[in-house]
Amino acid sequence: MPIDPKIQCVAVRSPRGATSTEIEWKDGHVSVYPHVILRGYCPCAACQGHQGDIKFIPCSGHQLEIDEFEPVGNYALRIEWFDGHGSGLYSFKYLRALCHCQICHPEPLGEEHPDLPRT
């Protein structure tokens, strides 16, 4: 079964010191993720437990600085943060669902950080 181009990562851009990360998808879409959202919605078991919805966890300072990315197969990214946290695997399906641009989610979220279903 072919992989949906909406969840095929083509490129990840996050220059050192940036406050957001950009992911380009095979379908041509470009998602921009503020680090506060990426870290706040970290999907790892230490942050989220093993069941239930994914909750936003407020973070600040070095917790929001990315040290490096590591691809995991053709399905996910592992993000290593400067504070040493790096056990979360961000599946491409999860990352695409986390995109809250005007195209993916026409209704703005404002300052809300709703719980997200596990994907």
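Residue by residue, here is whether (1) polar (S, T, N, Q); (2) in contact with an Asp or Glu (Cβ under 6 Å, 6 or more places away or on another chain); (3) under 23 Å from Pro117 (Cβ atoms) holds:
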{"position": "Gln48", "(1), (2), (3)": "yes, no, yes"}
{"position": "Pro58", "(1), (2), (3)": "no, no, yes"}
{"position": "Gly61", "(1), (2), (3)": "no, no, no"}
{"position": "Leu64", "(1), (2), (3)": "no, no, no"}
{"position": "Glu70", "(1), (2), (3)": "no, no, no"}
{"position": "Ala76", "(1), (2), (3)": "no, no, yes"}
{"position": "Asp83", "(1), (2), (3)": "no, no, no"}
{"position": "Lys93", "(1), (2), (3)": "no, no, yes"}
Checking Asp83, Asp27 in turn, the sole residue that is closer than 23 Å to Gln102 by Cα, outside any helix (DSSP H, G or I), touching a residue at least 12 places away in the same chain (Cβ under 8 Å) and over 15 Å from the mean Cα position of the chain (by Cα) turns out to be Asp27
I'd like to know if region 46-61 contains one or more residues that are of a type in the set (Ser, Thr, Tyr) and within 17 Å of Ile23 (Cβ to Cβ). no
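Let's see how each residue does on (1) in a loop (DSSP other than H, G, I, E, B); (2) over 10 Å from the mean Cα position of the chain (by Cα); (3) hydroxyl-bearing (Ser, Thr, Tyr):
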position: Lys6; (1), (2), (3): no, yes, no
position: Ala11; (1), (2), (3): no, yes, no
position: Ala18; (1), (2), (3): yes, yes, no
position: Val32; (1), (2), (3): no, no, no
position: Arg39; (1), (2), (3): no, no, no
position: Cys42; (1), (2), (3): yes, no, no
position: Ile79; (1), (2), (3): no, no, no
Counted residues in region 77-106 being under 20 Å from Val10 (Cα atoms) and of a type outside the set (S, T, N, Q) come to 18
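Since every read-out is calculated from the coordinates, none of them should be taken as a lab result. Predicted, not measured: the structure shown is a model, and the values here were computed from it. FYI the Cβ positions are ideal-geometry reconstructions off the backbone, even for glycines, and counts take in every protein chain you see.
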